[in-house]
Amino acid sequence: MSVDAVPGDTRPKAAVQSVDRAISIMEILARDGWSGVTEISKELEVHKSTVFRLMATLEARGIVEQHAGSQKYRLGFAMVRLAAGISGDVDLAEIARDVCEDLSARTNETVNLAVLRDGEVVSIEQINLSSAIISVDWVGQFHPLHATATGKVFLAFGSGELHDGDTLDLPSVTPHTLTDPELLRKDLEAVREQGYAITVSELEMGLNAVAAPVRQADGSLVAAIVISGPEYRFHERDLHDVGGLVRAAAESVSRRLGWLA
């Protein structure tokens, strides 16, 4: 008989609960930095003695360390060693693939993952799970920031941010491309407020798109997830509804990369 089947034996459940609480403690410390046992116990809604026991175990393994003066804890350098096991082998496209697949399946549209390269955006992954739709292969194609939803994400949140007083060369790609810096700044303000960017026939006539930021552990922008489709099917009136889905998908990938909102 397995240990799980022993009547009244609560050890497996207790062990899982301890692991869950230990992970929650690490997430709190990653988010807040130096934290006391009282603060952590209140957030986890457990007795301080439970937190003390977990902290003692984590400290013994170097996962957390305690400040001698304040008696507060923070993550220890053993976390660096653990992170090194994956940091050199992180495949962003692989990490995001199933999230992008789910987004494509839910919307029946094309989903891309794009990154910033040499001042332009380039798609590194494309998912289209609708066999009825023939889509352009955007992978490997470079596009200007101001004419794409992904580019607007980088301008609004990333290193390509457009500041007041900046002068940019904003060539017209279509009659709908934003080429006036002031109009683009207003658009980027809306992007920051809603958490996603929209383009309507700005890169290609009849093509609409919505993109949202993907962040890594330190909060910096690393990529953008974008969904695009033809205007006759991907209507402008629906773009904000889709924006919520794209933002949720991007946040899901961000959490996998260690970002804590």
Helix 48-60 against the longest principal axis of the chain: what's the angle in degrees, Cα atoms only, rounded to the nearest 10?
80
Cross-link reach from K48 to lysines, straight Cα distance under 26 Å and at least 8 residues apart if same chain, gives K13, K72
So, by mean Cβ neighbours within 10 angstrom, what's the order for 214-221, 53-60, 122-129 with the highest one leading?
122-129, 214-221, 53-60
Proximal charge balance of Q71 [Cβ under 13 Å; K/R count +1, D/E count -1]:
0
Where both partners of a DSSP beta bridge lie in the chain, what percent of those bridges are antiparallel, to the nearest 5?
95
The chain - accessible surface per residue (Å², probe 1.4 Å)
55
Using only Cα atoms, tell me the angle between helix 181-194 and the longest principal axis of the chain; keep it within 0 to 90° and round to the nearest 10.
30
For the pair K186 and D169, how long in nm is the line joining their label points, each one 7 Å along Cα→Cβ?
2.7
Tell me, what is the percent relative contact order of the chain, built from C-alpha pairs under 8 Å that lie six or more residues apart?
13
Residue-averaged 222 nm ellipticity for the chain, from DSSP H runs of 4+ at -39500 (n - 2.57), nearest 500
-13500 deg cm²/dmol
Could you tell me which of rounded, prolate or oblate describes segment 144-261, using a ≥ b ≥ c as the square roots of the eigenvalues of the alpha-carbon gyration tensor, with rounded for a/c under 1.5 and, failing that, prolate when a/b is larger than b/c and oblate otherwise?
oblate
Need the full-extension length gain, S70 to T179, defined as separation in residues times 0.36 nm minus the C-alpha distance. One decimal, nm.
33.8 nm
Report, to the nearest 10°, how far helix 239-256 tilts away from the longest principal axis of the Cα atoms in the chain, using its own Cα long axis and a range of 0 to 90°.
40
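The values are calculated or read from the model by the stated rules, or taken from the named source; none is laboratory data. In this text, all values refer to a predicted model and were calculated from it rather than measured experimentally. Cβ: placed from backbone, ideal geometry, glycine included. Neighbour counts: every protein chain shown. Note: areas computed on protein heavy atoms with side chains; ligands, DNA, RNA excluded. Shrake-Rupley method; radii C 1.70, N 1.55, O 1.52, S 1.80 Å.
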